[in-house]
Amino acid sequence: MSICNPITDKNCDLTTRISPITSAPAKASTMISGIISVFLILGSIYFIIYFITAGLAFISSSGDDKKLAAAKLQLTNSIIGIIIILSVYAILSLIGTIFNVNLLTPTLPQLIK
């Protein structure tokens, strides 16, 4: 992509060119939705790993009360974590529905159309 001056260059067609001003909001909204998606995915993966290790700690506690209590706490914390992740997703969806704004895949306004 090169810069051209429509006054001096007769081959410069501005209707087919993508302006940095109009493409910036699209890029930013794509980046915001990508960041939200990455955090939701990473949180879910972390839940799965934490939940499995808590289950293994629960199984391998072999009747020791301290290990059993620690494993139960880890299981409880992992379930609270996934509830928080799902609540954030639900709240973003609810806000998007109420205000007619899609926060999971936002579209920012453009300066020039």
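Listed conditions (1) hydroxyl-bearing (Ser, Thr, Tyr); (2) within 27 Å of residue 37 (Cβ to Cβ); (3) modelled with pLDDT of 85 or more are all met by residue 105, apart from (3). Close contacts from segment 57-69, counting a first residue that is at positive phi and of a type in the set (Phe, Trp, Tyr) and a second that is surrounded by 10 or more Cβ atoms within 10 Å (Cβ to Cβ) and assigned to a loop (DSSP other than H, G, I, E, B), with Cβ to Cβ under 6 Å and a gap of 6+ residues or different chains, come to none at all.
Residues of segment 41-68 that are crowded, with 16+ Cβ neighbours inside 10 Å and either touching a Cys at 6+ places or on another chain (Cβ under 9 Å) or in a helix (DSSP H, G or I) (or both): 43, 47, 50, 51, 54, 57.
The values are calculated or read from the model by the stated rules, or taken from the named source; none is laboratory data. Predicted model, so just to flag it, every value in this text is computed and none were measured. Glycine gets a Cβ as well: all are built from the backbone with ideal geometry, and neighbour counts include every protein chain shown.
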